[in-house]
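S.K.: To start, I am sharing the structure in question, which I have written as structure tokens.
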């Protein structure tokens, strides 16, 4: 006999080497589904309007300050880049204004849960502008951040209880689509195009059992970047596929389209079952 006692093994859900190993991947994936769902329920989030756009677009104040403080001898190329940033800054202010108008309207909707909550990828640029406008309207606002090697910090305008950090891109995209009733696409690069076309494909193929409004903001920018007419003329998409989105050029125009569409398709629906506590989430077709 010996008095030596074997130390207790860690509980599986407290075993960090296991949880962070390839064998624990399925649990990490499930966590990025269950933990946000629990928070959305607790915060009474019913549905969202998602804003996408470049993280590189600055506010007018920041862009102008940078241009005016360039040192003597700055190259013409750098000076031109700084001037372009000033020109593009109007999209920051427009995203802020559109999010403000939408949130100012949505907080007045009589409902048990919060409707059409402005949601972004949580970072700077257009994401910051949209979260900022929603916060200025007195609304809650969501940030779905992604953990990257080059750190993308959450912007300060996200509601703290709705500030999320994801490891898996596909789980982050799931939450962008799952609660969304509308999508607003501001000028952006690869990430914006990726997110835009993913949602547009779901709408085109009717995989979402709901009407999702898609707004493209900035007609000149998007006409320069994407030639939808060529896609139609070559038979790559149907002529009516271009009706899946609306191009607008002012915050007021975008707000009017969103307000009218959200009212028509997503307000005034029959009440849910008595006692139902889960948010009204987007459904997918079989």
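FYI, it's all coordinate maths here, none of it is from the lab. As the structure is a prediction and not an experimental result, all values here were calculated from the model. Cβ sites come from the backbone with ideal geometry, for glycine too, and all protein chains shown count toward neighbours.
S.K.: Taking the 0 to 90 degree range and rounding to the nearest ten, how far is the long axis of helix 251-266 tilted relative to the main principal axis of the chain, both from C-alpha atoms?
M.R.: 50 degrees
S.K.: What do you get for the angle between helix 126-136 and the principal long axis of the chain? Use alpha-carbon atoms, 0 to 90 degrees, nearest ten.
M.R.: Between helix and principal axis, roughly 80 degrees.
S.K.: Checking a compactness column here: for the chain, what do you get for Rg(Cα) / (2.2 N^0.38 Å), N being the number of residues? Don't skip to the answer; put the middle values down first.
M.R.: Values: Rg = 21.9 Å, N = 286, 2.2 N^0.38 = 18.9 Å.
That works out to 1.16 for the chain.
S.K.: Scaled to the compact-protein estimate 2.2 N^0.38 Å, what is the alpha-carbon radius of gyration of region 135-183, rounded to two decimal places? Walk me through the numbers before you get to the answer.
M.R.: On the way: Rg = 11.7 Å, N = 49, 2.2 N^0.38 = 9.7 Å.
Cα Rg divided by the expected 2.2 N^0.38 Å: 1.21.
S.K.: Hey, any idea what Rg/Rh is for region 27-114, computing Rh the Kirkwood way over Cα pairs?
M.R.: We get a ratio of 1.20 for region 27-114.
S.K.: Which three numbers, in whole Å and largest first, are the semi-axes of the equivalent ellipsoid of region 1-57 derived from its Cα gyration tensor as √(5λ)? Don't jump to the answer; show the numbers that get you there.
M.R.: Values: eigenvalues 344, 53, 18 Å².
That gives 41, 16, 9 Å for the three semi-axes.
S.K.: Under a point spin-label approximation (7 Å from Cα along Cα-to-Cβ), what is the residue 83-residue 13 distance to one decimal in nm?
M.R.: 6.0 nm
S.K.: Let me ask something else about it. Which three extents, in whole angstrom, do the alpha-carbon atoms of region 105-243 cover along their principal axes, largest first?
M.R.: 48, 41, 28
S.K.: Okay, next question. Taking only Cα atoms, what is the 0 to 90° angle, nearest 10, from helix 25-42's long axis to the longest principal axis of the chain?
M.R.: 70 degrees
S.K.: Sort all Cα-Cα distances of region 36-167 into consecutive 5 angstrom bins from zero, then give the percent of pairs in each bin up to the one containing the longest distance.
M.R.: P(r) over region 36-167, rounded to whole percents: 2, 12, 19, 19, 16, 13, 8, 5, 3, 2, 1, 0.
S.K.: With no solvent and one point on each alpha carbon, what is the Debye value of log10 I(q)/I(0) for region 107-169 at q = 0.17, 0.25, 0.29, 0.30 Å⁻¹?
M.R.: So the normalised log intensities are -0.55, -0.99, -1.21, -1.26.
S.K.: Could you check the simple spin-label distance between residue 223 and residue 3, using points 7 Å along Cα→Cβ, in nm with one decimal?
M.R.: Here the answer is 8.9 nm between the modelled labels.
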